[in-house]
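One structure is given below, encoded as C-alpha cells.
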Amino acid sequence: MNSRPTKSKILRSYTVATISIALVLFLLGSISYAMISIFQSARGVREGVVMLVEIEDGLTEAERDSLSSTIAKNSIVADIVFSSKEDKIADPEFRRVFDVDVEQVLGKNPLPDSFDITLSAEAADSVALAAFVEQTSALKEVTHISYPQSMIDDVHSVLDTMQCLLLLFGGAMLIVSIVLLNNTIRLAIYSRREAINTMKLVGATKWFIVKPFLGRGALQGIVAGIVATLLFGAILFGIDHTLPQLGVLEQIELIAIIAGIMVACGVVISMLFTLITVNKFVNMRSNKIHIY
C-alpha cells in the first residue's frame, strides 16, 4: 500500500535533483561564456596599442621590406604597416589642423616615413617590450620610436587585476556548484537507501546494485545538460534580440562547445557522485543506514 507514495517520493526526488543539476550547469556554462568573452575582449584591448617607428628618408622599397621583415620577426609584433610621409601629409585630418600649407612654409615635407606597429598581447610583459624597443632602436634605419608607455602599463595593470578577480570568482562558483551537486544527488539517492539495503541483504553483488543507479545517473545528467543548454540558448537569444550590437550569437562555435561541455559534465558529474554515494550506502552497516 505504501509503494505508490514511495515511488512518487522517489520520482519527485530525482526530478528535483535533475532540475537542480540543470540550473547549476546553466550557471557554470553562463559564467564560463562570460569569462571567455571578457578574456577575448581583454586580449583585443591588449592588441589595440600602436607603436610608431620612424625610419630614415630615402629608403628603397626593398630596404623598407627588409626592415619590416626584421621587425616583424619579433613575437611582440601583431601587425606592421608602412606609412609614407606623402600619405601622412595628404591626410585631410592632418591638413585640417593647420591653416597654411606646411610644405610651402617649410619648403619640404617635415613628416617622416614610419611603420605603424600593432603590439600583440605579449606587450603586457614590460621586460619583453623594453627589449623589443631597444632591439628595434638599434637598427640603423630607425630614427625614433614612440608609444604610449604609461597607457600600456595602466591598461595591462587593470586587465590583469580584472582577470585575476574573474578567475577567483569562477573558481569559487565551481567549488560551490560541485558541493551543491554532490548534496543534491546524495539526497536523491537517500530516498532509495532501503532498496539498496534490501538488495544487499539478499546477496546482490556491489556491481548489480550500482549498475542501475549509474544508468539513471547518466540519463539524469543528459536530461539536465539538455535543459541547461536550452536555458543557455534562450538567454543568449534574448540578449542578442535586445542588444544585437553585442553580436552574441556570432560566436556559434564557442556556444556549441560550451553546450557540449555542459551535457558531458552533467553525465560525468551525475555518474561520479552517484557512484560515490551508492558505494557509501552499500558499504554501510544495515543498522546504520537509518541514521545516515
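The values are calculated or read from the model by the stated rules, or taken from the named source; none is laboratory data. Quantities reported herein were computed from a predicted structural model and do not represent experimental measurements. Counting neighbours? That spans all protein chains shown, and the Cβs are built from the backbone with ideal geometry, glycine included. Surface areas here come from the heavy atoms of the whole protein model, side chains and all, with no ligands, DNA or RNA. Shrake-Rupley method; radii C 1.70, N 1.55, O 1.52, S 1.80 Å.
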> Does region 158-209 come out rounded, prolate or oblate, given a ≥ b ≥ c as the square roots of the eigenvalues of its C-alpha gyration tensor, rounded meaning a/c under 1.5 and, failing that, prolate meaning a/b above b/c?
Replying inline: prolate
> For the pair Val176 and Arg12, how long in nm is the line joining their label points, each one 7 Å along Cα→Cβ?
Replying inline: 2.8
> Under unit Cβ charges (Lys, Arg +1; Asp, Glu -1), what dipole magnitude, rounded to 20 debye, does region 108-169 have relative to its Cα centre?
Replying inline: 180
> Which of Ile152, Gly217, Val263 sits farthest toward the positive end of the charge dipole of the chain, with +1 on the Cβ of Lys and Arg and -1 on the Cβ of Asp and Glu?
Replying inline: Gly217
> Who wins for biggest fluctuation among Ile38, Ile117, Ile175 in a Gaussian network model of the chain, springs between alpha carbons below 10 Å?
Replying inline: Ile175
> When you count, for each residue, the other Cβ atoms within 10 Å and take the mean per peptide, how do 257-264, 270-277, 242-249 rank with the highest first?
Replying inline: 270-277, 257-264, 242-249
>> Relative contact order for the chain: what percent, with Cα pairs under 8 Å and sequence separation of 6 or more?
In response: 28
>> Please compute the length gained on full extension between Gln251 and Phe237, using 0.36 nm multiplied by the number of residues separating them and subtracting their Cα-Cα distance.
In response: 3.8 nm
>> Can you list residues from other chains, or at least 5 along the same chain, whose modelled amide H is less than 5 Å from the amide H of Ile55?
In response: Asp113, Ser114, Phe115, Thr143
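What ranking of His241, His156 comes out by heavy-atom accessible area, probe 1.4 Å, highest first?
Sorted descending by solvent-accessible area, the residues read His241, His156.
With charges only on Cβ, +1 for K and R and -1 for D and E, what is the dipole size of the chain about its Cα centre, in debye, rounded to 20?
My answer is approximately 4580 debye.
Counting only pairs 8 or more residues apart or on different chains, how many lysine pairs in the chain have their Cα atoms under 16 Å apart? Can you show the working numbers first?
Numbers: Lys85/Lys108; Lys88/Lys108; Lys200/Lys211; Lys200/Lys280; Lys200/Lys288; Lys206/Lys280; Lys211/Lys280; Lys280/Lys288.
Here the count comes out as 8.
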> In nm, to one decimal, how far is the Arg64 label point from the Leu219 one, both placed 7 Å along Cα→Cβ?
Replying inline: 7.1
> How about region 207-292: which trypsin sites (Lys or Arg not before Pro) there are in a DSSP loop, with at most 11 other Cβ atoms within 10 Å of their Cβ?
Replying inline: Arg285, Lys288
>> Taking only complete DSSP H runs, can you tell me which helices of the chain stretch 20 Å or more along their own long axis by Cα positions and average at least -1.0 on the Kyte-Doolittle scale?
In response: 3-46, 149-190, 206-242, 252-283
> Does region 118-243 come out rounded, prolate or oblate by the C-alpha gyration tensor, with a ≥ b ≥ c the root eigenvalues, rounded set by a/c under 1.5 and, if not, prolate when a/b is larger than b/c and oblate if not?
Replying inline: prolate
>> Suppose R0 equals 45 Å. What FRET efficiency, 1/(1 + (r/R0)^6) with r the Cβ-Cβ distance, do Ser191 and Ser126 give to the nearest 0.05?
In response: 0.15
> Given a 1.4 Å probe, how much area per residue of region 150-271 is accessible, in Å²?
Replying inline: 58
>> Using the Cα atoms of the chain, I'd like the radius of gyration and the largest Cα-Cα distance, Dmax, both in angstrom.
In response: 31.4, 107
